[in-house]
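First up is the structure itself, then whatever we jot down about it.
The values are calculated or read from the model by the stated rules, or taken from the named source; none is laboratory data. Please read these numbers as outputs of a predicted model, since none were measured by experiment. All Cβ positions, glycine included, derive from the backbone under ideal geometry; neighbour counts span all protein chains shown. All accessible areas refer to the heavy atoms of the entire protein, side chains included, with ligands and DNA or RNA removed. Shrake-Rupley method; radii C 1.70, N 1.55, O 1.52, S 1.80 Å.
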Amino acid sequence: MDNIGGDKDTSVSNTKNSVSSNANIDIYSINEDLVKTLAGMNKIHVSSSAFYRLTESFQKVKFAEDLLLKFEHLQKFKLKLVMQNCKTNEKSIAFRKEGNENFSLKSRNYFRALQLYNKSICYSLCDSENIAIGYANRSAVLFELKKYQQCLENITMARNANFPERLMHKLDKRENDCKKLLSSQAPEVEPYEFPLSFEKHQDVPYISNCLAMDQTEDEGRFVYTKTDLKPGDIVAIEDPYCTTLLPAMKYIRCAYCTKENCFSLIPCNNCTSAMFCSESCRDKAWDVFHKYECPVIDFLFDTCTKIHLTALRTCLTTLSLFASVEECRAFCEDPDNQSKTVFDLNFNEFTKIEEYKAVHGLVTNQDKRLVNDLFQRAVMCATIKNILIEYTPLKTLLGESIENHNFFADLLFKHLQTASSNMHSIDLIEQVSETKEDECFATGAYPFLSLLNHSCAPNVVRIHRSTTTILFVLRHIEANEKLFDNYGYHFASQSKAIRQKRLSSQYRFNCKCDACENDYPHFHILPKLDIPDIITETDIDHLKKLDFEYASDNFVRYNEYLNKYGKLLYPCDQLCSTEECLKMAWKILVDAIPLKAKV
């Protein structure tokens, strides 16, 4: 048996806001401080043994919470935190002035200006003219971007928010100019529609009928095909059970639907870290999750990782589906609702509750986790639960029932484990000099996609159209062969040793994929074989420029090339380069392009 001391969960990076009051605080620090305290008292082994003997998840969480309270780590941790940043007109004006600097003729950083105007709107007091001025400033950016229809919409928003009379002449002029130019606004490019390549599955309507699931003791659950698949085939189009917008996107995308709507976002009336594309989204978010997250949103965004945010969102979404916590508890504890997958669901009478069965059935790998891993998650669970009960309506929802409190601990602890190994990042086209955090805008729970096993040389690829995930076949897959996704560790960019170590740490398996067994070389030293090379500087140049027409004209050519040469000659320089261009073309065609790349 190992001890409770250990490294932090390395499966995701922390998502911090560098300007926040909580910027230097990490939620893992409370676990580290507790372990140091126990080590200083020579109680690591005793505590590890006691924790190891506990059989129920809520007992593990209670054990961690009791230690946190006994040694006053929770109290000290909360004293360091800002749970929710207050709205202030002073900060609203400061962000607007910074937006003006980015909007100026000297800078012309229009995307950054939009973010700052949205931030100014979000920080403004609800009855302040700063909200109206923010909408008006946003309309000025849209005018420069030749988005005349959206400009007019923001002018209307400014008027409805009591735009000050002293500035009305500027708004009137912009409105008149806009109306004159409205007919010249270029039409929006319509994303390419990619349908399933086969008939719908008889049980699971959003996957192809060629797919099936099986499982073995060594590999667990996996998806295979009953017929040959070729590059370019589309075998699944899945929407998520729930999504979580990442903190870096809070002034760019809607906190409910996650659509990139920074042209028209409206603020939460209470916090400074959530915006919505409509009153409808704002109301739905409040009913489902935001009334619990809002009072502590800056604690969540500034100190937690996307694992914690996704786990909590999954719990709150699920609780919202039931009339009471007791009903939700009974549903989750029902033996008939354990270990389900999408292949077990009733799609003839499909509801969110029915869908949750497949999310609830995602594997936790709890039996494979080390004591220090489980203890760390128990501490995280206890901390989040304690803060939510103290500062949010969760206490009212759970009531006085010990069973309800234990159930919430069980549920959150469960999804703190499933989130790290089953939930998916939702990403866009990677931009030069941008971080991975900028590339990924949200996370989602996709019950079918979570059944796919990993390969460091995957034969399928996930492409996102907003939060809808389209699963493309990247290489030949023969009948009865498995579909392999990639969990973030690819032979082209990481060594076998690094991949093996990180996959074992995060996902609890030793990878035996072709790339690992044959130790495929990195991308830049792949062999160049005696076959045609169809990727030229022209391809790379057009795709880097996000040329929709070029992507539309050439993605079939890339498919045909991979079909002709890919079956026997993978991996080599020509095939891998073509795969990369094909993936880029698909992303362009489904419009997986961040707004900053368009403006």
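Cross-link pairs exceeding 19 Å in C-alpha to C-alpha distance, out of 146/179; 43/385; 91/119; 250/352, comprise 43/385; 250/352. Can you pull the accessible area of residue 82 for me, 1.4 Å probe, Å² to the nearest 10? Answer for residue 82: close to 40 Å² accessible. Of the listed residues 284, 596, 146, the order by accessible area with a 1.4 Å probe, largest first, is 146, 284, 596. In the range 323-392, the portion of solvent-accessible area held by carbon and sulfur atoms comes to 44 percent [1.4 Å probe, whole percent, DNA, RNA and ligands not counted].
Largest to smallest in accessible area, the residues 4, 25 fall in the order 25, 4 (1.4 Å probe, all protein chains included). With kT/(6 pi eta Rh) evaluated at 4 °C and eta = 1.567 mPa s, and Rh the Kirkwood radius from Cα pairs, the range 364-485 diffuses with a coefficient of 74 µm²/s according to Stokes-Einstein. Take the chain with all the other protein chains still there, run a 1.4 Å probe, and you get 44 Å² of accessible area per residue.
Over the chain, dividing the summed -39,500 (n - 2.57) contributions of all DSSP H runs of at least 4 residues by the number of residues returns a 222 nm mean residue ellipticity of -14500 deg cm²/dmol. Taking a straight Cα-Cα cut-off under 12 Å and skipping sequence neighbours fewer than 8 places away in the same chain, the aspartates and glutamates within cross-link reach of residue 306 are 9, 437.
Starting from the alpha-carbon convex hull of the range 310-443, give the projected area averaged over all orientations, in nm².
Numbers: hull surface 42.9 nm².
Reported value for the Cα convex hull: 10.7 nm².
Let me test this: with uniform point scatterers at the alpha carbons of the range 284-340, what is the Debye-based log₁₀ I(q)/I(0) at q = 0.12, 0.13 1/Å? Taken in order of the listed q values, log10 I(q)/I(0) reads -0.35, -0.41. Working from the Cα coordinates of the chain, the gyration tensor eigenvalues give, after taking √(5λ), semi-axes of 38, 36, 22 Å in decreasing order. Here the average projected area of the convex hull drawn through the C-alpha atoms of the range 85-161 stands at 4.6 nm². Here the chain is assigned +1 on the Cβ of each Lys and Arg and -1 on the Cβ of each Asp and Glu. Its dipole about the Cα centre then comes out at about 1920 debye.
Note on residue 511: accessible area approximately 10 square angstrom, rounded to 10, probe 1.4 Å, nucleic acids and ligands left out. The spacing between the range 48-102 and the range 291-367, judged by their C-alpha centroids, is 22 Å.
Karplus-based coupling profile of the range 99-116, in residue order and whole Hz: x, 4, 5, 6, 7, 4, 4, 6, 8, 6, 8, 5, 5, 5, 4, 4, 4, 6, with θ = phi - 60° in 6.51 cos²θ - 1.76 cosθ + 1.60 and x standing for Gly or Pro.
Put 28, 391, 206 in order of accessible area, largest first, 1.4 Å probe: what do you get? It would help to have the intermediate numbers written out before the result.
On the way: 28 10, 391 90, 206 45 Å².
So the residues, ranked largest to smallest area, are 391, 206, 28.
First compute the accessible area of the range 20-155 with a 1.4 Å probe, then give the percent of it belonging to carbon and sulfur atoms. All intermediate terms of the calculation are to be shown ahead of the outcome.
On the way: 3300 of 6440 Å².
Of the solvent-accessible surface of the range 20-155, carbon and sulfur hold 51 percent.
Taking amide H atoms as placed 1.01 Å from N in the peptide plane, the amide H of residue 456 lies under 5 Å from those of 513, 515, 516, each 5 or more residues away in sequence or on another chain. Residue 41 contributes an accessible area of around 80 Å² to the protein surface, as traced by a 1.4 Å probe with all chains present.
With a Förster radius of 30 Å applied to the C-beta separation of residue 29 and residue 108, the computed FRET efficiency comes to 0.15.
Extension gain for residue 189-residue 126 works out to 19.1 nm (0.36 nm per residue, less the C-alpha to C-alpha distance). Here residue 512 is the anchor, and the aspartates and glutamates within straight C-alpha reach of less than 13 Å, apart from those fewer than 8 places off in the same chain, are 218, 219.
Any chance you could run the full-extension gain for residue 569 through residue 42? It's 0.36 nm times the residue separation minus the Cα-Cα distance, nm to one decimal. It would help to have the intermediate numbers written out before the result.
Numbers: separation 527, 0.36 × 527 = 189.72 nm, distance 5.82 nm.
That works out to 183.9 nm of additional length.
Under the combined filter of DSSP loop state and at most 13 neighbouring Cβ atoms within 10 Å, the range 190-236 retains these trypsin sites (Lys or Arg not before Pro): 226. For the range 393-508, a crude dipole built from +1 on the beta carbon of Lys and Arg and -1 on the beta carbon of Asp and Glu, taken about the Cα centre, is about 440 debye to the nearest 20.
Loop only by DSSP, 14 or fewer other Cβ within 10 Å of the Cβ. Give me the GluC sites (Glu not before Pro) in the range 186-282 that pass, ordered by residue number.
Working: sites: 188, 193, 199, 217, 219, 238, 260, 279; in loops: 188, 193, 199, 217, 219.
Filter output for the range 186-282: 188, 193, 199, 217, 219.
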